[in-house]
1. If you scan the stretch 122-172, which residues turn out to be within 21 Å of Thr52 (Cα to Cα) and among the hydroxyl-bearing types (Ser, Thr, Tyr)?
2. Looking at the stretch 50-72, which of the residues that are assigned to a strand (DSSP E or B) and of a type outside the set (Ser, Thr, Tyr) is nearest to Pro104 (Cα to Cα)?
3. List pairs: first residue in the stretch 179-203 and closer than 21 Å to Thr109 by Cα, second residue of a type in the set (A, V, I, L, M, F, W, C) and exposed (fewer than 14 other Cβ atoms within 10 Å of the Cβ) anywhere in the structure, Cβ distance under 9 angstrom, at least six positions apart or on different chains.
4. I'd like the full set of residues that are in contact with a Lys or Arg (Cβ under 9 Å, 6 or more places away or on another chain) and in a helix (DSSP H, G or I), limited to the stretch 98-132.
5. For the stretch 161-177: of the residues being touching a strand residue (DSSP E or B) at 6+ places or on another chain (Cβ under 6 Å) and part of a loop (DSSP other than H, G, I, E, B), which is surrounded by the fewest Cβ atoms within 10 Å (Cβ to Cβ)?
6. For the condition modelled with pLDDT under 95, of a type in the set (Gly, Ala, Ser) and closer than 26 Å to Tyr173 by Cβ, what is the one hit in Gly34, Gly50, Gly66?
7. Identify the residue in the stretch 133-144 that is touching a residue at least 40 places away in the same chain (Cβ under 8 Å) and assigned to a strand (DSSP E or B) and, among all such residues, is surrounded by the fewest Cβ atoms within 10 Å (Cβ to Cβ).
8. Inspect all residues belonging to the stretch 73-96 and state whether any of them is outside any strand (DSSP E or B), at positive phi and surrounded by fewer than 17 Cβ atoms within 10 Å (Cβ to Cβ).
Amino acid sequence: MSDGTGDGDREDTRAVRLPPGQALRSEHRALHYGPVPTFREHRWDFRVMGVTETLGSHRWTWEEFGRLPTTDSVSDFHCVMRFSVPDVRWRGVRAVDLVRVAPPGPEVTHVMAWGEYGYSANLPLETFLDEDVVLATHRGGEPLAPEHGFPLRLVVPRLYGWKSVKWLRAVEYMTADRRGFWEERGYHNRADPWREQRFSYQEEPGHGPPP
């Protein structure tokens, strides 16, 4: 998001758009729950399930997923551990393009993103359909590193990073909200970094289902 100004000016611009409580980093050590999984292409698949328009599930092998249309996207990454990485370049399938191929039923309001080892994170459908939400296969022009979610991760720039599920394996369409892995363990259901929605004790009525 450079405007052609000098390095110092770029740093000032970045600082202005930092959410409250965040510190700027140019890179970060990957944080995740559990070990880094081993990718086995012959066993890997990706599914869209739940309340789909047809009430059936959609499935792609790794080769089939690679034939879906991709786009490049640049966004800032905000971790709940109080650091932000600006201008991360991702490449992958936009969520809006995935939904065109595998549409939800008309009553769907939320999605659950599922990763390896049962990890999950919930999102409102309207957030999932933001133009900059991608199912990423590349970061910084290179295939994702294993610790950053290879072969596939969800990227949801407007929310804290725990919603950007690594090692993504499925998206579930839901007709009501349901808490994901960290939301069940005390993290805020909405996870908006600009409102510092870090923990469930900060939730107000209407922020989500009961803990």
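1. Selection gives Thr127 alone.
2. Of all residues in the stretch 50-72, those assigned to a strand (DSSP E or B) come to 50, 52, 58-61, 71-72.
Next, from what is left, pick out any that are of a type outside the set (Ser, Thr, Tyr): 50, 58-60, 72.
Numbers: Gly50: 8, His58: 11, Arg59: 14, Trp60: 17, Asp72: 24 Å.
If we take residues in the stretch 50-72 being assigned to a strand (DSSP E or B) and of a type outside the set (Ser, Thr, Tyr), then Gly50 is nearest to Pro104 (Cα to Cα).
3. The qualifying pairs are Tyr187/Phe199; His188/Phe199.
4. Correct list: Glu116, Thr127.
5. Residue satisfying both the conditions and the ranking: Asp177.
6. Selected residue: Gly34, the only one of Gly34, Gly50, Gly66 that is modelled with pLDDT under 95, of a type in the set (Gly, Ala, Ser) and closer than 26 Å to Tyr173 by Cβ.
7. Step one: filter the stretch 133-144 for residues touching a residue at least 40 places away in the same chain (Cβ under 8 Å), giving 134-141.
So of that shortlist, the ones also assigned to a strand (DSSP E or B) come out as 134-139.
Working: Val134: 28, Leu135: 23, Ala136: 27, Thr137: 21, His138: 16, Arg139: 20.
By that ranking, first place goes to His138.
8. Keep residues of the stretch 73-96 that are outside any strand (DSSP E or B), which gives 80-82, 95-96.
Okay, now just the ones that are also at positive phi, so 82.
After this cut, where a residue has to be surrounded by fewer than 17 Cβ atoms within 10 Å (Cβ to Cβ) as well, the list is 82.
Yes, because at least one residue in the stretch 73-96 is outside any strand (DSSP E or B), at positive phi and surrounded by fewer than 17 Cβ atoms within 10 Å (Cβ to Cβ).
The values are calculated or read from the model by the stated rules, or taken from the named source; none is laboratory data. What you are looking at is a predicted structure, and each value in this text was computed from that prediction instead of being measured. Here Cβ is always computed from backbone atoms with ideal geometry, including for glycine, and neighbour counts include all displayed protein chains.
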